[in-house]
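Single-structure report; data block below.
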Amino acid sequence: LKSISELSGMKFFIPDYQRGYRWTKELVKDLLDDIDEFIKKKQGGFYCIQPLVVKKNIIKSEEYCKKLKELSHEDNNLIESTEKIIDEYSQWEVIDGQQRLTTIFILLKYLCTDKENKYYIEYETRECSRSFLEKIDENTDSDNIDYHHMRESFLKISKWFESKEGYKKEFLENLLKNVKFIWYESVNEDSIKVFTRLNIGKISLTNSELIKA
């Protein structure tokens, strides 16, 4: 299990074999209502979101290689220093769970005024998706279908909190600490095969999505 706060600073990447963001206002409302009901019950424990299936990839750029070569063998914390560089140039390929991950990001964007509790998310099919999500608000232009749904989700979240102004802080605290993903890290597996296996029996992919995958 991994809480939302534990995702802070992570870089997530949505590969192009997946469909775009398609959550409706009804699905966003259902998620907000569920978390709200969990908070009001005050029974402790945590609210569990369905699995987030990821695979760690390293962006092996020239800068990454240069930093590794500059490490000194005399460094008493060589392993720690190496891991730090690897983490800096790593991103998590999201194989399953991207709709919820994106919705939670949009929710954090609405509730947080800074980047302290946020992670990063980018869609391969949308070059400026990371920038769009980080700047999203009621007035953001949505010039494609993915951005349209992202903006609609933001508007739904904003409307849901309209009559709950004093509730934002409590909701955010619970969201960060008590809302958790089931975290599954895929290692040495073909991402598309895992994606296909996980999506058998779910909403059918369109012909173009099947061809792309």
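The values are calculated or read from the model by the stated rules, or taken from the named source; none is laboratory data. Please read these numbers as outputs of a predicted model, since none were measured by experiment. No Cβ is skipped: glycine too gets one built from the backbone with ideal geometry, and neighbour counts run over all protein chains shown. Only protein heavy atoms, including side chains, enter the accessible area calculation; ligands, DNA and RNA are left aside. Shrake-Rupley method; radii C 1.70, N 1.55, O 1.52, S 1.80 Å.
The table for this structure:
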{"read-out": "Test: residue in region 178-186 that is under 20 Å from L1 (Cα atoms), open to solvent by less than 80 Å² (accessible area, probe 1.4 Å) and assigned to a helix (DSSP H, G or I)", "value": "yes"}
{"read-out": "Test: residue in region 109-123 that is part of a helix (DSSP H, G or I) and either within 11 Å of the chain's Cα centre (by Cα) or among the polar types (S, T, N, Q) (or both)", "value": "no"}
{"read-out": "Candidate set from region 5-54 (those that are out of contact with any Phe, Trp or Tyr (no Cβ under 7 Å at 6 or more places or on another chain), basic (K, R) and within 27 Å of T196 (Cα to Cα)); member that is least open to solvent (accessible area, probe 1.4 Å)", "value": "R19"}
{"read-out": "Residue match in region 16-30 (condition: touching a helix residue (DSSP H, G or I) at 6+ places or on another chain (Cβ under 9 Å), closer than 21 Å to L133 by Cβ, of a type outside the set (G, A, S) and part of a strand (DSSP E or B))", "value": "no"}
{"read-out": "Cβ pairs under 7 Å, 6+ apart, first in region 157-186 and within 16 Å of F105 (Cα to Cα) and among the basic types (K, R), second open to solvent by 70 Å² or more (accessible area, probe 1.4 Å) and outside any helix (DSSP H, G or I)", "value": "K180/L1; K180/F46"}
{"read-out": "T103, sole failed condition from (1) part of a helix (DSSP H, G or I); (2) open to solvent by 30 Å² or more (accessible area, probe 1.4 Å)", "value": "(2)"}
{"read-out": "Yes/no for I86 being part of a helix (DSSP H, G or I), farther than 24 Å from K156 by Cβ and either modelled with pLDDT under 85 or open to solvent by less than 80 Å² (accessible area, probe 1.4 Å) (or both)", "value": "yes"}
{"read-out": "Residue list for region 137-176, restricted to those being among the hydrophobic types (A, V, I, L, M, F, W, C) and in a helix (DSSP H, G or I)", "value": "I145, M150, F154, L155, I157, W160, F171, L172, L175, L176"}
{"read-out": "Looking only at region 140-152, and only at residues there that are in contact (Cβ under 8 Å) with a residue 60 or more places away in the chain and out of contact with any Phe, Trp or Tyr (no Cβ under 6 Å at 6 or more places or on another chain), the one that is surrounded by the fewest Cβ atoms within 10 Å (Cβ to Cβ)", "value": "I145"}
{"read-out": "Test result for K2, more than 12 Å from T102 (Cβ to Cβ) and open to solvent by 60 Å² or more (accessible area, probe 1.4 Å)", "value": "no"}
